[in-house]
Amino acid sequence: MKAKLKVGMISFAHMHAASYLQALLARKDVDLVGIADENRERVRPFLERYGLAYYEDAGKLLATDVDAVVICSENVRHAPLTVQAAQAGKHVLCEKPLGISEAQMREMIEACRANGVQLMTAFPCRYLASVIEAKAAVDRGDIGRIVAVKGTNRGTMPGGWFADRSLSGGGAVLDHTVHVMDLMNWFLNSEPEEVFAYAATLFHREPIDDAGMVHVKFRNGVIAVLDPSWSRPAAFPTWGDVTMELIGTKGTLFVDAFAQKNEIYNNERMKPSWSYWGDSMDDRLIEAFVLALREDRSVPITGEDGFRSARVALAAYASAQQGKPVRLAPWDRTDG
Amino acid sequence: MRVSIIGCGTMGITYAKNLASMEEADLAGVCDIDAARAEEAAKAGGTRAYSDYKAMLEMENPDVVCVCLPTYLHKGTVIELARLGKHIICEKPIGLTLEEADAMIEACRENGVRLFVGHVVRFFPNYADAAGQIARGETGGPGVAHLKRYGSYPQGNGQWYHDRNKSGGVIMDLMIHDIDFVRSVYGEADAVYAAKAQSGGEDPFEYAMVTIHFLNGAIANLTAYWGYPGPFTTEAEFAGSQGVLRLGSESSRSLIVTSKEKGPEGKAAVQVPQSPMRHDPYYRELKHFLDCIRDGSEPLVTAEDARAALEIALAAERSCQTGQPVAIGGKRA
């Protein structure tokens, strides 16, 4: 077992990078080598506060002896950066969605396989304490056989490059389908077979989808629906939610992942706010990544998992455009 | 106004209690083929029980008749009452098919009587308030809505709810409340997509998820569940360009009684959460319909609205079977 893992971070375009940075810094078994980001201003506070090395070019960071990198770039750059890291022999933890096309994601998975490195997709929601308990309850059969699932991952409009299709590859439907979709795939041990969806621009001026409803039928017969809309207004107490309701033959199970909160009513803010006091899911995600690499085990959430989830969002766009359901080929038939 | 009731199941008894307490109404007989049920309703409403509705109509000569029968009996009963010149308050859904609904509406029009359909959710104060807030623009332009309605599997007389040919199932019977309500908020629907999970046998359930796309662009996902093991639960959320409105039965309990005393069956009494009001929504609904009859005004929810909700429910059923979205016939160019 490796005593310490050398980790570098590539791009802070996605705000989750700051949280992953904290999680990495808190670990005694991680040596955080530095940050690569073409935008120095964006990462300057972190470089200064923690005395980290800076690389303007990701290739320079990849030329060092780091074992692994965490990629939090704009969505369109996930594939080229992951392939570059794989070719440099570095393991990768990549922010979601894994990629913006099936071909791109297959290329990422293949590059990592060919170079003998691991690819993990950052789906921290698997590490929410309520989700872990829910999964255990389902596996124990507490609610019988699951027949239907309804999920929500409603959020605020993130703005910036998220609203620019040339950098994000899609709006709310891509950004917010993948988390709960991954949970559904994980809970059901099955694969989506058919997708029907609406995608629309209803809440904001930016010309990108900010509203949607994604219906999925799984191979094992389970029906599901998920709301990925950026529908939380500025007046809402928090950024958004992750909920999942499972209907089973012997009962139901409801997860409201961010219900562990205190409510605050403050005169300055003039709107209620919620202070989340539950466990950090990012700490546990980073821990899982680090321990798998140190112990030379398979990462718990693979590139294939990222693919299976993101392809549903891509199919949702196709369905919304065509106005009819879109069939998904089984993963083994599309592989390679 | 003299008001009679045909059908003394849960709804008939609810109507009897409310009409009995209403100044505007003179409850004039209740009828059920099951004499014990008729007696129970008569007692609750302080009126006379009948087991033959023709005898009741003859003896009581009502102005208005409430039809609280299983859905498959609505059409025949309503048409007969219309021919007898009675105004009619009919439970939802209006009927099992659009042909039935059209025949009922037409018969009432021809005979110059009013037909009201009991889409009572319009009269629930939390939903009525939501409709008003959204109409005033509190949530801005149309966005994404969620509506949920979960309850136990209904136990009608002779288990008629279990028979799809009599009740139409969970979409037609339960979700139709939310279909009507969300249509009252967003207007005409454009298309509907739906999926359903169900099982018969000893412990039956039916769960449906339906997404309605509206001409104004709004997207609404409705879920309904017969066989939910928890308490009857309703929730709704309307997200728009300027805000979010949420309501829920679980989050608006204004009274929670807990007791250390044993209940009547020897079990420890459980919490009984309530949200009491001076009048229940059925009182508001029935009073409104009687007011409409008296002054000839248009009701908050018309028989045509009931037909439109049925059309969406039927389209949702078809979508469940075909796996394809179904366009709504009322679609305007």
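Among B:ARG37, B:ARG83, which is of a type in the set (Lys, Arg) and buried (at least 20 other Cβ atoms within 10 Å of the Cβ)?
B:ARG37
Could you tell me which residue of the range A:188-204 is nearest to the other protein chains (Cβ to nearest Cβ), considering only residues that are without any contact (Cβ under 8 Å) to a residue 60 or more places away in the chain and in contact with a Pro (Cβ under 7 Å, 6 or more places away or on another chain)?
Out of the qualifying residues, it is A:LEU202.
In the range B:187-198, what count of residues is obtained for those that are touching a Ser or Thr at 6+ places or on another chain (Cβ under 7 Å) and either more than 14 Å from chain A (Cβ to nearest Cβ) or closer than 25 Å to B:GLY156 by Cα (or both)?
0
Of everything in the range A:240-258 that's part of a loop (DSSP other than H, G, I, E, B) and within 11 Å of chain B (Cβ to nearest Cβ), which residue is nearest to A:ARG145 (Cα to Cα)?
A:THR249
I'd like to know if the range A:150-159 contains one or more residues that are in contact with a strand residue (DSSP E or B) (Cβ under 9 Å, 6 or more places away or on another chain), part of a loop (DSSP other than H, G, I, E, B) and over 23 Å from A:HIS78 (Cβ atoms).
yes
For residues that are more than 30 Å from B:LEU300 (Cβ to Cβ) and either crowded, with 24+ Cβ neighbours inside 10 Å or in contact with a strand residue (DSSP E or B) (Cβ under 8 Å, 6 or more places away or on another chain) (or both), tally how many sit in the range B:164-195.
Of the residues in that region, 1 qualify.
If you scan the range B:83-95, which residues turn out to be within 17 Å of B:ARG2 (Cβ to Cβ) and not in a loop (DSSP other than H, G, I, E, B)?
Hits for the range B:83-95 are B:HIS87, B:ILE88, B:ILE89.
Report the residue count in the range A:193-209 for those that are crowded, with 24+ Cβ neighbours inside 10 Å and part of a strand (DSSP E or B).
Number of matching residues: 5.
May I ask you to list the residues in the range A:64-78 that are of a type in the set (Ser, Thr, Tyr) and touching a residue at least 60 places away in the same chain (Cβ under 8 Å)?
Of everything in the range A:64-78, just one residue is of a type in the set (Ser, Thr, Tyr) and touching a residue at least 60 places away in the same chain (Cβ under 8 Å), namely A:SER73.
Suppose we filter B:SER249, B:SER241, B:SER184 for residues that are among the hydroxyl-bearing types (Ser, Thr, Tyr), within 26 Å of A:HIS215 (Cβ to Cβ) and within 11 Å of chain A (Cβ to nearest Cβ); which single one remains?
Result: B:SER241 is the single residue among B:SER249, B:SER241, B:SER184 that is among the hydroxyl-bearing types (Ser, Thr, Tyr), within 26 Å of A:HIS215 (Cβ to Cβ) and within 11 Å of chain A (Cβ to nearest Cβ).
Being touching an Asp or Glu at 6+ places or on another chain (Cβ under 9 Å), more than 24 Å from B:PHE232 (Cα to Cα) and not in a helix (DSSP H, G or I) is the filter here; which residues of the range B:273-298 pass it?
B:SER297
Looking for whichever is surrounded by fewer than 19 Cβ atoms within 10 Å (Cβ to Cβ), among the basic types (Lys, Arg) and over 26 Å from A:TRP186 (Cα atoms) here; the options are A:ARG232, A:ARG269, A:ARG219. Which one fits?
The match here is A:ARG269.
Against the conditions (1) modelled with pLDDT of 95 or more; (2) hydroxyl-bearing (Ser, Thr, Tyr); (3) surrounded by 15 or more Cβ atoms within 10 Å (Cβ to Cβ), where does B:THR322 fall short? Just the number, please.
For B:THR322, the exception is condition (3).
Right, A:SER166: among the hydroxyl-bearing types (Ser, Thr, Tyr), crowded, with 22+ Cβ neighbours inside 10 Å, farther than 30 Å from A:GLY251 by Cβ and touching a helix residue (DSSP H, G or I) at 6+ places or on another chain (Cβ under 8 Å) or not?
When the stated conditions are applied, A:SER166 does not pass them.
If you check A:ALA172 against the conditions, is it away from every other protein chain (no Cβ under 14 Å) and either under 14 Å from the mean Cα position of the chain (by Cα) or at pLDDT 95 or above (or both)?
Criteria not met by A:ALA172.
State whether one or more residues within the range B:58-70 are in a helix (DSSP H, G or I), touching a Cys at 6+ places or on another chain (Cβ under 8 Å) and within 22 Å of B:ASN157 (Cβ to Cβ).
no
Assess whether A:GLY34 counts as being more than 30 Å from A:GLY171 (Cα to Cα), without any contact (Cβ under 8 Å) to a residue 12 or more places away in the chain and of a type outside the set (A, V, I, L, M, F, W, C).
For A:GLY34, the condition - more than 30 Å from A:GLY171 (Cα to Cα), without any contact (Cβ under 8 Å) to a residue 12 or more places away in the chain and of a type outside the set (A, V, I, L, M, F, W, C) - is not met.
When the range B:143-177 is examined, which residues are found to be more than 14 Å from every other protein chain (Cβ to nearest Cβ) and under 22 Å from B:GLY230 (Cα atoms)?
Listed by number, the residues that qualify are B:PRO154, B:GLN155, B:GLY156, B:GLN159, B:TYR161, B:HIS162, B:GLY169, B:MET172, B:ASP173, B:LEU174, B:ILE176, B:HIS177.
Check off (1) under 25 Å from A:ALA259 (Cα atoms); (2) more than 14 Å from every other protein chain (Cβ to nearest Cβ); (3) assigned to a strand (DSSP E or B) for A:ALA136 and give me the number that stays unchecked.
Looking at each condition in turn, A:ALA136 falls short on (3).
Yes or no: the range B:222-231 includes at least one residue that is out of contact with any helix residue (DSSP H, G or I) (no Cβ under 8 Å at 6 or more places or on another chain), of a type outside the set (Asp, Glu), touching a residue at least 60 places away in the same chain (Cβ under 8 Å) and more than 10 Å from chain A (Cβ to nearest Cβ).
no
Before we move on, is A:LEU183 surrounded by 24 or more Cβ atoms within 10 Å (Cβ to Cβ), touching a residue at least 24 places away in the same chain (Cβ under 8 Å) and away from every other protein chain (no Cβ under 11 Å)?
yes
When the range A:210-239 is examined, which residues are found to be assigned to a loop (DSSP other than H, G, I, E, B), facing chain B (nearest Cβ under 7 Å) and of a type in the set (A, V, I, L, M, F, W, C)?
Scanning the range A:210-239 gives A:ALA235, A:PHE236.
I'd like the full set of residues that are assigned to a helix (DSSP H, G or I) and among the hydroxyl-bearing types (Ser, Thr, Tyr), limited to the range B:299-333.
Result: B:SER319, B:THR322.
Identify, from the list A:GLY160, A:GLY144, A:GLY116, the residue that is surrounded by fewer than 18 Cβ atoms within 10 Å (Cβ to Cβ), within 14 Å of chain B (Cβ to nearest Cβ) and either more than 17 Å from the chain's Cα centre (by Cα) or of a type in the set (Asp, Glu) (or both).
Exactly one of A:GLY160, A:GLY144, A:GLY116 is surrounded by fewer than 18 Cβ atoms within 10 Å (Cβ to Cβ), within 14 Å of chain B (Cβ to nearest Cβ) and either more than 17 Å from the chain's Cα centre (by Cα) or of a type in the set (Asp, Glu) (or both), namely A:GLY144.
For A:GLY306, only one of the following conditions fails: (1) crowded, with 22+ Cβ neighbours inside 10 Å; (2) out of contact with any Ser or Thr (no Cβ under 8 Å at 6 or more places or on another chain). What is its number?
Result: A:GLY306 passes all but (2).
Take the residues in the range B:199-215 that are at the interface with chain A (Cβ under 10 Å from one of its Cβ atoms) and modelled with pLDDT of 95 or more; name whichever of them is nearest to A:VAL214 (Cα to Cα).
Going through the qualifying residues, I end up with B:THR211.
Look at the range A:278-336 and say how many of its residues are of a type outside the set (Ser, Thr, Tyr) and assigned to a helix (DSSP H, G or I).
Qualifying residue count, the range A:278-336: 34.
Within the range A:284-336, restricting attention to residues that are more than 14 Å from chain B (Cβ to nearest Cβ) and among the β-branched types (Val, Ile, Thr), which residue is nearest to A:VAL66 (Cα to Cα)?
A:VAL290
The values are calculated or read from the model by the stated rules, or taken from the named source; none is laboratory data. Note that the coordinates shown come from a computational prediction; the quantities given were computed from them, not determined experimentally. Neighbour counts are summed over all protein chains in view; Cβ atoms, including those assigned to glycine, are modelled from backbone coordinates with ideal geometry.
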